[in-house]
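Participant: So that we are looking at the same thing, I have put the structure below in structure tokens.
Just so it is clear, none of the values below were taken in a lab; they were calculated from the coordinates. Fair warning: this is a prediction, and the values are worked out from it, not measured in the lab. With ideal geometry, Cβ positions are generated from the backbone for all residues, glycine too; neighbour counts draw on all protein chains shown.
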Amino acid sequence: MRRFQTASIPVVLTVFFLLAACAPGPQGTDGESQANDDTPHSGGTLVSAFAVDISGVNELIAPTTAVNDSVLFRIFLHLLEEQPDFTEHPPSFAPQLAHSYEWSEDHTVLTFHLREDVLWSDGAPVTAEDVRWTWQAQTHPEVAWEASYFKDNITDVEVVNPHTVRFHFHQVHPAQLLQANEGVILPKHAWSRKPFSEWRKSRNWFYENRVTNGPFEMESWKQDEEIVLTRNKSYFEEGVPYLDRAVFRIVPDQTSQISQLFSGDLDYITNVPPDDARIIRDNDELVLRDYWSIGFIFITWNNESPLFSDARVRRALTMAIDRQGIVDALWGEFARTTTSPIVDTVWAHNRDIQPWPYDPERAKHLLAEAGWTDTDGDGILDKGGRPFRFEILNHTGNRQREDATVIAQQQLREIGIEARPRLLDISAFHAAVLHGRYEAAVEGMTMATDLNLRYLFHSGQIGVSFNHARYRNPEVDRLIDRADRMKGLEEMAPYLMRIQEIIHEDQPLTFLWFSKRLNAHNRRVHGVQGNLLSQWFGLRYWWLAPPG
Amino acid sequence: MIGFVLRRVGGSLVLLFLVLTVTFFVIHLAPGDPADLLVDPRTPEENRDRLRRLWGLDRPLGEQYVRWLSAVAQGDWGTSFNYQEPVIDELAGALPNTLVLALGATLVAFGLGIPLGIVAARRHNQTADHALRVGSLLVYSLPTFWLGLMAILLFSYLLPILPASHMHSVGSDSLSAGRRFLDLLYHLTLPALILGAPLGASITRFVRNSLLELFGQDFLQTARAKGLSEVRVVWVHGLRNALVPVVQILGLQLPALLNGALVVEVVFSWPGLGRVVFNSLQARDYPMIMAATAFTGFLVVAGTLLADLVHAVADPRVRDD
């Protein structure tokens, strides 16, 4: 059943778009002329879609997903608003709940000065007490917030006066500002009535008792159906949001989302697959928005496996896989190869690194150097009687990674290596890679803007976090530890550059690609700022052309 | 008859218990657990362990099973890991939407299946019969997913007359009750048609075949000989007998209808039980999966029981066995 359905999707899409191309587009919009008018217009309802529903209104008991963040960051405020400007330098921060901040001399105390004109939706003022209580909730064991690790370095949050709050840190760290700013500020006066021990079984209570402070308020949430946000009329920024309402309909099927964009039922959709992006780009009624993501896809080699413990072998594997060919086949212009987990659209990318070429002959030579030759003439390399044969894991739900695996499998076969793809459900996949019960796996990761490479490459993270490659290099450990003692991200740069060089030589992972995020909207929608921090970034500045 | 019913109900309960026990162990023994699904790769193992403790997953499996069983015996199906609310509330919240869809689909299936079955039987071996046989086979064989997308293409895009998704229009909360109901019917049409069509196709074929068997039998010849009109012969005397297997089919199709609803709910963004179950499976939400399995198992058992009872009522030889 499933196989049949999957196989039928491209056929359905092709038929759909061939027919759609012959049909008239949505009526009543004069896209070009309106697109040129840059004066924002207030009012109207933007209708967009999510593939899955949100998990509630309380960030601390909801999993960290793009969908949850998309909604919660519109109805709750952070102390500061991180900006998507980290191409040339570390990200900057715009004032949000806090209008300013300052550091102590020794850089272990950070003082925020809060705006005095911010109100909760029930009229109560937002104060420093809310900030302190939010930190207590974030770090409470029974709340078990997924991202509580951000707060590990914070020893106390002190209320100086109702609009001044002080964060005390255990030690200097380059990402202190990000650590303090992580997580939206929650309403103490409304939500402290519910003991922390009951939070994990009270999702609906938080919705029913929602009190928010962002540019939008949540008018309603019908599970698996739609979320309706309305303009917060007492929001402190003059004249915004421009939209009266933003409706997020839950449309699980990607093809349905695209068909609804074409039919005009949806104004904005996100995560368009590359094949459909080309069709949308060629449609005059629609606008394709693309921007480089900071997520990247790679093959993890289990460095503890006798197959992959030699860096020469791992380099050979990288050279045996035509990464550019994979990108061309699967993404076209919407992706690029990368040489580093810090991709080339991020300020700290090491531009001196030259990618390993696609060179099967050199790969064979390196493998021979490491002792892998075909001694028994069966076409598969072997060493000490062991053939070079392994399983390469993928988890379900990602077609491009599966396709990439098949291409890599064929290319490895050409140099005498047999890789057998195996598909697991995501939970089983995670358990296998975390505990090292695998040989190779295709994975994806979004590097957070704190550029903390510890999770990927520090030996202390083996079996704990994302060092699934079980990579151990004392020099890398030392560089990561030293980088972690710097004041601010900028000071990490020399360490990050050197770590990228070592990783390039050692190839614990083979980096495949990083791609563009592809979003699309009709010409009614203006001011769209979707970027690599959020596909709904700055929704308060989006506006709709008036009808007619 | 009562003995027959009691035997069947008793057997069904044992079967249901076995299904639930096997399901419990299979889902728990599969590699990985719900805490592995936290998407933030940096979440330390310590946080995942906190959640495992909170969900009782740190206890030995045997103990988890006994705890679950004793809670269920007291009517407590637990708290959903994914929705963080009592399982029963979540299922009960989504069930009415699925029932609306299933009811609509059943009406479509019978409303189309019975008349078309009669037409096919009356026009035996004529063009209409051939067309209906091929057509019903086609509808029955095509994946619901594909049928749904084609229906959206045709009715929502090329001839934009029906909505492609959801139960209500944007802003329907402000409508009067009557208009809101019409809005619901408007949104129900396409999904009910797509969910009901395969069942309708099988009903068409069953009605046709049953009627063809009956047409040659003596009691219908007698009815004709008495001078009854052909309409009365077919609709009253023929159809009543032909419907017995059809009702049996409905009993057996009841769970299939709800399984089909899962696909239809995804294609048409219909917020029902299928979506909740689908999300729960993806999230390894054990309490939810167990409750949903119990519910589906109950439907299978109840549907089969219904089919058996109908059969027993219609055919005394069955209950005498």
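Participant: Take each uninterrupted DSSP H stretch in chain A, measure its Cα extent along the helix axis, and return the ones at 27 Å or beyond whose mean Kyte-Doolittle hydropathy is at least -0.5.
Facilitator: Passing helices, by number: A:2-22.
Participant: Go through segment A:190-202 residue by residue and turn each phi into a ³J(HN,Hα) via Karplus (6.51, -1.76, 1.60, θ = phi - 60°); whole Hz please, and just put x for glycine and proline.
Facilitator: Working through the residues one at a time gives 9, 9, 6, 5, 9, x, 3, 5, 9, 4, 6, 10, 10 Hz.
Participant: Net charge within 13 Å of residue B:204 by Cβ-Cβ distance, Lys/Arg positive one each and Asp/Glu negative one each, not counting residue B:204 itself? The partial results should precede the final answer.
Facilitator: Details: positive: B:122, B:123, B:133, B:205, B:208; negative: B:129.
Charge balance near residue B:204 sits at +4.
Participant: Per-residue counts of other Cβ atoms within 10 Å, averaged by peptide: what ranking do you get for A:347-353, B:273-279, B:109-115, B:176-182, highest first?
Facilitator: Numbers: A:347-353: 16.3, B:273-279: 24.0, B:109-115: 19.3, B:176-182: 10.1.
Most protected by this proxy first, the peptides run B:273-279, B:109-115, A:347-353, B:176-182.
Participant: Restricting things to alpha carbons, tell me how big segment B:87-320 is in terms of Rg and Dmax, in Å.
Facilitator: 20.4, 65
Participant: At a temperature of 25 °C and a viscosity of 0.890 mPa s, determine how fast chain A diffuses translationally according to Stokes-Einstein, using the Kirkwood radius over alpha-carbon pairs as Rh; express D in µm²/s, rounded to the nearest whole number. List each step's numbers first, then the result.
Facilitator: Working: Rh = 25.6 Å.
Translational D for this selection: 96 µm²/s.
Participant: What ranking of A:253, A:38 emerges when the number of other C-beta atoms within 10 Å of each C-beta is taken as an exposure proxy, fewest first?
Facilitator: Working: A:253 22, A:38 8.
The fewest-first ordering by Cβ neighbours comes to A:38, A:253.
Participant: Let me ask you something else. Could you give me the ³J(HN,Hα) list for segment A:95-112, computed from phi with Karplus coefficients 6.51, -1.76, 1.60 and θ = phi - 60°, whole Hz, x at Gly and Pro?
Facilitator: x, 9, 5, 9, 8, 7, 8, 8, 9, 6, 3, 8, 6, 10, 10, 10, 10, 9
Participant: Tell me, how many Å apart are the Cα centres for segment A:166-217 and for segment B:233-252?
Facilitator: Measuring centre to centre over Cα atoms gives 61 Å.
Participant: At what distance in angstrom do the alpha carbon centres of segment B:153-188 and segment A:97-150 lie from each other?
Facilitator: Segment B:153-188 and segment A:97-150 have Cα centres separated by 44 Å.
Participant: Please turn the phi angles of segment B:276-290 into ³J(HN,Hα) values with the Karplus equation 6.51 cos²θ - 1.76 cosθ + 1.60 (θ = phi - 60°), one per residue in order, whole Hz, x for glycine and proline.
Facilitator: For segment B:276-290, the Karplus-derived couplings read 4, 5, 4, 4, 5, 5, 5, 8, 6, 7, 3, x, 5, 5, 5 Hz, x marking Gly and Pro.
Participant: How many lysine pairs in the protein assembly as shown, separated by 8 or more positions in sequence or lying on different chains, have Cα atoms less than 21 Å apart? All intermediate terms of the calculation are to be shown ahead of the outcome.
Facilitator: Working: A:151/A:188; A:151/A:487; A:188/A:201; A:201/A:222; A:364/A:383.
Here the count comes out as 5.
Participant: Taking the Cα centre of each part, how many Å lie between segment A:365-387 and segment B:57-122?
Facilitator: Going from one Cα centre to the other spans 56 Å.
Participant: Something else: Work out the FRET efficiency for residue B:173 and residue A:94 from their Cβ-Cβ distance, taking R0 = 22 Å, and round it to the nearest 0.05. If you can, show how the numbers build up before the last one.
Facilitator: Numbers: r = 35 Å, r/R0 = 1.60.
The pair residue B:173/residue A:94 has a calculated efficiency of 0.05.
Participant: Taking amide hydrogens as modeled 1.01 Å from N in the peptide plane, which residues meet the under 5 Å criterion relative to residue A:114, leaving out close sequence neighbours?
Facilitator: It is A:99, A:164, A:165, by chain and number.
Participant: Sort B:153, B:61, B:262 so the one with the fewest other Cβ atoms within 10 Å of its own Cβ comes first. Write out the running numbers ahead of the final one.
Facilitator: Details: B:153 23, B:61 12, B:262 18.
Exposure proxy ranking, most exposed first: B:61, B:262, B:153.
Participant: Okay, moving on. For A:291, A:235, B:83, what's the fewest-to-most ordering of other Cβ within 10 Å of each Cβ?
Facilitator: Values: A:291 15, A:235 19, B:83 26.
In increasing order of surrounding Cβ atoms, one gets A:291, A:235, B:83.
Participant: Please compute the average number of Cβ atoms from other chains found within 10 Å of each residue's Cβ in peptide B:23-33.
Facilitator: Details: counts 0, 0, 0, 0, 0, 0, 0, 5, 10, 10, 4.
Average neighbour count from other chains, rounded to a whole number: 3.
Participant: Please list, ordered by chain and number, the residues whose modelled amide H lies under 5 Å from the amide H of residue A:220; skip anything fewer than 5 residues away on the same chain.
Facilitator: The answer is A:228.
Participant: How large, in Å, is segment A:30-121 by the Kirkwood hydrodynamic radius built from its alpha-carbon pairs? Present the calculation step by step, with values, prior to reporting the outcome.
Facilitator: On the way: mean 1/r = 0.0581 Å⁻¹.
Value: 17.2 Å, from the Cα pair sum.
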